[in-house]
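Enquirer: Input: one structure, supplied below.
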Amino acid sequence: MEIYEKINQYLIEKKMSKKEFSLRLIALEPQLKSTGEKPTLKAMYAYLSGDVALKIELIPYIAEVLNIPEQLLFDDSARARKTFLKYITESISSEEKEFLKARVCGEKATQSVPKDRFYTIQDLLIYAPDMFLNELERTLKEYKDLTLKFRK
């Protein structure tokens, strides 16, 4: 499936007209490298119909308007999504991890420590000696086990 066909598929899913999509994209003011100008409504219709090849520099703007990751415009197969997730999780930040945990496990699964306090503590842990970190890890695992035991 061509990219313009995938875009049109997302437009249908999101109940967004081609005109609405095009106007939102143009409002982001992307500049084409070849002309230095932003695309026109006429050019956007040509891209969406497949009459003109889509300019690669528009991909981030298209993804933003559709509120999807850029990757989905190229390959949204299960294999590609898994590869994408693997790549993301290799360098995931604590904040991103908590976001995922909340999305996957539901809001109840998130920590009860206020996020600001959690990140402050996390930043301070680099100054703690190994002996303290080992004891802290052991204690936190015990708290986790107790919490999970009483949730059942």
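Enquirer: At a threshold of 8 angstrom on Cα-Cα distance, excluding pairs fewer than six apart, so keeping six or more, what relative contact order does the chain reach in percent? Before the final figure, lay out each step's value.
Expert: Numbers: 73 pairs, mean separation 24.2, N = 152.
In percent, rounded to a whole number, it is 16.
Enquirer: Taking θ = phi - 60°, what integer Hz values does the Karplus form 6.51 cos²θ - 1.76 cosθ + 1.60 yield along segment 92-98, in sequence order, with x for Gly and Pro?
Expert: 6, 8, 4, 5, 5, 4, 5
Enquirer: Just want to confirm a number: the relative contact order over segment 3-75, from Cα pairs under 8 angstrom separated by 6+ residues, in percent.
Expert: Working: 64 pairs, mean separation 26.4, N = 73.
Once normalised by length, the contact order is 36 percent.
Enquirer: Of Phe99, Phe74, Phe84, which has the largest mean-square fluctuation in a 10 Å C-alpha GNM of the chain?
Expert: Among Phe99, Phe74, Phe84, the largest mean-square fluctuation in the Gaussian network model of the chain belongs to Phe99.
Enquirer: Separate question: Residue-wise, which Karplus ³J(HN,Hα) couplings in Hz belong to segment 116-131, taking 6.51 cos²θ - 1.76 cosθ + 1.60, θ = phi - 60°, and x for glycine or proline?
Expert: Values per residue, Gly and Pro as x: 4, 5, 4, 5, 5, 5, 4, 5, 7, 4, 5, 8, 7, x, 4, 4 Hz.
Enquirer: OK, next. Rounded, prolate or oblate, given the Cα gyration tensor of segment 113-152, with a/c below 1.5 counting as rounded? Don't jump to the answer; show the numbers that get you there.
Expert: Numbers: a/c = 5.86, a/b = 1.43, b/c = 4.10.
Taking the square roots of the gyration eigenvalues as a ≥ b ≥ c, segment 113-152 is oblate.
Enquirer: May I ask for the Kirkwood hydrodynamic radius of segment 31-71, worked out over all distinct Cα pairs and given in angstroms to one decimal? Mind dumping the intermediate values first?
Expert: On the way: mean 1/r = 0.0924 Å⁻¹.
Result for segment 31-71 stands at 10.8 Å.
Enquirer: Rank Leu66, Leu124, Leu136 by mean-square fluctuation in a GNM of the chain with C-alpha springs under 10 angstrom and give only the top-ranked residue.
Expert: Looking only at Leu66, Leu124, Leu136, the biggest GNM fluctuation is shown by Leu136.
Enquirer: Placing +1 on the Cβ of each Lys and Arg and -1 on the Cβ of each Asp and Glu in the chain, which of Phe84, Val104, Pro69 has its Cα farthest towards the positive end of the resulting dipole?
Expert: Result: Val104.
Enquirer: A follow-up question, please. Could you tell me the distance between the Cα centroids of segment 62-108 and segment 17-52, to the nearest Å?
Expert: Cα centres, segment 62-108 to segment 17-52: 27 Å.
Enquirer: Under a crude label model (7 Å from the Cα following the beta-carbon direction), how far is Met16 from Thr35 in nanometres?
Expert: Inter-label distance under the simple model: 2.2 nm.
Enquirer: So, counting K/R as plus one and D/E as minus one, what does the shell of residues with Cβ under 13 Å around Met131 add up to?
Expert: Around Met131, the charge tally is -2.
Enquirer: How large, in Å, is segment 11-152 by the Kirkwood hydrodynamic radius built from its alpha-carbon pairs? Could you put the intermediate results ahead of the total?
Expert: On the way: mean 1/r = 0.0509 Å⁻¹.
One decimal place: 19.6 Å for the Kirkwood radius.
Bear in mind these aren't lab numbers, they're just calculated from the coordinates by the rules spelled out. Because the structure is predicted, anything quoted here is derived from the model rather than measured. FYI the Cβ positions are ideal-geometry reconstructions off the backbone, even for glycines, and counts take in every protein chain you see.
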